[in-house]
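Worksheet: one structure, shown below.
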Amino acid sequence: MSTTVARMITTALADLGVKNVWGVVGDALNPVTDAIRTEDRLEWIGVRHEEAGAFAASAQAQLTGTLAVCMGTVGPGSLHLLNGLYDAKKSHAPVLAICGQVPLSELGSDFFQEVDNDAVFRDVAVYSRTITSPEQAPYLLEQAVNAAFAHQGVAVLTLPGDVGGLDLPPSAPAPTFVDAHPQTMPTVDDLGKAATILNGAEKVTMLVGQGSREARDVALQVADALAAPMVLTLKAKEGLEHDNPYEVGQSGLIGNRAAQTAFEKCDALLMVGTDFPYRDWYPEGKRVIQIDAKGQHIGRRTHVELGLVGHARPTLEALLPMLENKTDRGHLEETRDEYRDWHEGQQRLADPEYDHEHLGVVRKMFDNPEHAIRPEAVAAALDRHAAEDAIFTADTGMSTVWLSRFVRMRGSRRLIGSFNLGSMANAMPQALGASALDRDRQVVAFCGDGGLTMLMGDLITAVTYQLPVVLVVFDNRSLGMVKLEQEQGGLPYFGTDLANPDLAEVARACGLHGVRVEDPHELDGAVAAALAHGGPVLLDVVTNPDEISVPGRVSIGDAWGFAIAKVQETVRSART
């Protein structure tokens, strides 16, 4: 019995275990969407903007570790995928994008909507090809998926409008996919060199990233042997944060002073499974050992004395017996005490009564004269009430700051964000992707008001496909992180104000359950009710627009710039 190119593609993807295909229907891909219509194992989710579909697919690939699929039709439909696909690329997520194209006879004629997909997607994709005949379709699909798996990245297959409906030759083979990631480890000699450096150091600090998440137990044993405080990257929170007696939080702009103390006072830094990108936050003058499965990552962020190419678990398991247990635990105890003090101070900010007590009364005069809800309180309430297996997504910017500081990744909680690309508008569509995987699992999105309103049309997608996401909007009427960056540079904020509608009203108009909260004392109950609602809900929390997130290290220049900016803002306000 004959089958078409489009049906071959959908059957092969369903056999692989793909559950959802995200996109917007359109002419060139009509044969594919029709094949999906009759394939019971695939669910078509029609988004209102292809970018949302690509973000959703990226989230699914990150959560499952296997292939996720999105589609865009000719020209603009495929171009709209780009931002979400770049997120997948930089998050090392295996995603297949199926893109439409003009008919074969029109290729190269500057036809209506024609775009050279192979050129456009060359940078974002590890594999990008155009199917020009039925005979080559199975082979190109096979190569595309295998490339996405092998390189943990994006593959793009372009399908001209007159090819998808053609019959395959009777002898055409079914595609065969290979998803294998063998564990690697360094040589014994290199492991011995690493042990010599670590054993000879008086104070060791570990910087642990996403690549260590599956090696939690042995990473903790190494930290114990070295009496090493463990600085976690944001993506290492999942799996390594909870019940970790060595953890001292994050570094960088979202970090705290204990993490910087751990960096500055160590003699040796052991980096495990991390490509933490911010050079300015690395310590200087330390002996650095970096363990990473990808050799090209070693040494590209800070100078490394010894690089060990290998996966975290087998490498740490082989290194551990070579380590001498350190009896002096002063470095660990000092940084842990500093971290606890910082964390307790942060928790005080989350108390609804903070602005009425002690230091809060003074601070309120400067940064919260209207007694608006502090975003710290929102994040802390979500941490208290969210399920132990909740999936969290976070928009880039201040939403990520509050999540990193107040939400603990205990139980089997998961965390997704645009942490490498740093795009706006990722939290809501990524939450849609997570929810489509399991509609019985709680999914909570930390949305900035700027991010949510950028792709607000896909609120309708949550309703259409009954995706019970909880979208919590930190509604501070501004692009908060940009505002902070301007002020830190000594500039009065400009262009960051957002004239938002009542976002809860917008949500209700789209069919979601919408709730707006303006009173700090109503916050806790509203959060609990939103999480218990059971359907798609948007919680619009009006938060303090002038809240300040103090990083772990503040230079005199940063403080001076902020002071100058505040003076200029005060003068500007007086004039108006």
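The values are calculated or read from the model by the stated rules, or taken from the named source; none is laboratory data. Just so it is clear, the model here is predicted, and its values are computed rather than measured. Neighbour counts run over all protein chains shown; Cβ positions are idealised from the backbone, glycine included.
May I ask you to list the residues in the stretch 139-179 that are touching a helix residue (DSSP H, G or I) at 6+ places or on another chain (Cβ under 6 Å), assigned to a strand (DSSP E or B) and of a type outside the set (S, T, N, Q)? Hits for the stretch 139-179 are 154, 155, 157, 160. The sole residue among 285, 299, 211, 239 that is outside the structural domain of residue 394 (by TED's automatic domain parsing), in contact with a Gly (Cβ under 7 Å, 6 or more places away or on another chain) and on the phi > 0 side of the Ramachandran plot is 299. Here residue 531 does not qualify as out of contact with any Ser or Thr (no Cβ under 8 Å at 6 or more places or on another chain) and either closer than 22 Å to residue 450 by Cβ or surrounded by fewer than 19 Cβ atoms within 10 Å (Cβ to Cβ) (or both). Of 527, 506, 472, all but one fail to be part of a helix (DSSP H, G or I), β-branched (Val, Ile, Thr) and under 17 Å from residue 393 (Cβ atoms); the exception is 527.
Of all the listed residues (137, 194), the sole one being under 18 Å from residue 310 (Cα atoms), among the small types (Gly, Ala, Ser) and surrounded by 20 or more Cβ atoms within 10 Å (Cβ to Cβ) is 194. Is it the case that residue 233 is farther than 19 Å from residue 383 by Cβ, under 20 Å from the mean Cα position of the chain (by Cα) and at pLDDT 95 or above? So residue 233 passes the test. The set of residues in the stretch 17-43 that are under 21 Å from residue 74 (Cβ atoms) and under 24 Å from the mean Cα position of the chain (by Cα) comprises 21, 22, 23, 24.
Count of the stretch 19-60 residues, restricted to those that are free of Cβ contacts under 8 Å to residues at least 60 places away in the same chain and out of contact with any helix residue (DSSP H, G or I) (no Cβ under 9 Å at 6 or more places or on another chain), is 1.
When the stretch 317-326 is filtered for residues that are of a type outside the set (A, V, I, L, M) and in contact (Cβ under 8 Å) with a residue 12 or more places away in the chain, the ones remaining, listed by number, are 317, 324, 325, 326. Only helices (runs of 4 or more DSSP H) whose full extent lies in the stretch 34-138 are considered here, and the ones with at least 2 residues that are more than 20 Å from residue 152 (Cα to Cα) are 50-64, 76-79, 117-120. Scanning the stretch 18-34 for residues that are surrounded by fewer than 22 Cβ atoms within 10 Å (Cβ to Cβ) and small (Gly, Ala, Ser) returns a single hit, 26. Go through (1) at pLDDT 95 or above; (2) of a type in the set (Val, Ile, Thr); (3) within 30 Å of residue 2 (Cα to Cα) one by one and return the number of the condition residue 208 breaks. All conditions pass for residue 208, except number (3). Of the candidates 156, 145, the single residue that is among the hydrophobic types (A, V, I, L, M, F, W, C), outside the structural domain of residue 235 (by TED's automatic domain parsing) and touching a Cys at 6+ places or on another chain (Cβ under 7 Å) is 156. Taking each residue of the stretch 472-493 that is under 28 Å from residue 386 (Cβ atoms) and assigned by TED's automatic domain parsing to the domain that holds residue 253 and looking for partners that are at pLDDT 80 or above and crowded, with 24+ Cβ neighbours inside 10 Å with beta-carbon atoms closer than 9 Å, six or more apart or interchain, yields nothing. Look at the stretch 293-313: where a residue is under 10 Å from residue 271 (Cβ atoms) and a partner is aromatic (Phe, Trp, Tyr), sitting 6+ places away or on another chain with Cβ atoms under 6 Å, you get 302/282. Take the conditions (1) of a type outside the set (D, E, K, R); (2) buried (at least 16 other Cβ atoms within 10 Å of the Cβ); (3) at pLDDT 95 or above; residue 113 misses just one of them, which is (3). Go through (1) surrounded by fewer than 24 Cβ atoms within 10 Å (Cβ to Cβ); (2) farther than 16 Å from residue 51 by Cβ one by one and return the number of the condition residue 424 breaks. Among (1) surrounded by fewer than 24 Cβ atoms within 10 Å (Cβ to Cβ); (2) farther than 16 Å from residue 51 by Cβ, residue 424 violates only (2). Just one of the listed residues (61, 14) is closer than 20 Å to residue 143 by Cβ, under 27 Å from the mean Cα position of the chain (by Cα) and crowded, with 24+ Cβ neighbours inside 10 Å, and it is 61.
Restricting attention to the stretch 226-264 and to residues that are of a type in the set (Asp, Glu) and touching a strand residue (DSSP E or B) at 6+ places or on another chain (Cβ under 7 Å), the residue that is farthest from residue 327 (Cα to Cα) turns out to be 238. Restricting attention to the stretch 466-494, the residues that are surrounded by fewer than 24 Cβ atoms within 10 Å (Cβ to Cβ), in contact with an Asp or Glu (Cβ under 8 Å, 6 or more places away or on another chain) and under 27 Å from residue 533 (Cβ atoms) add up to 1.
In this structure, residue 86 does satisfy being surrounded by fewer than 23 Cβ atoms within 10 Å (Cβ to Cβ), within 20 Å of the chain's Cα centre (by Cα) and aromatic (Phe, Trp, Tyr).
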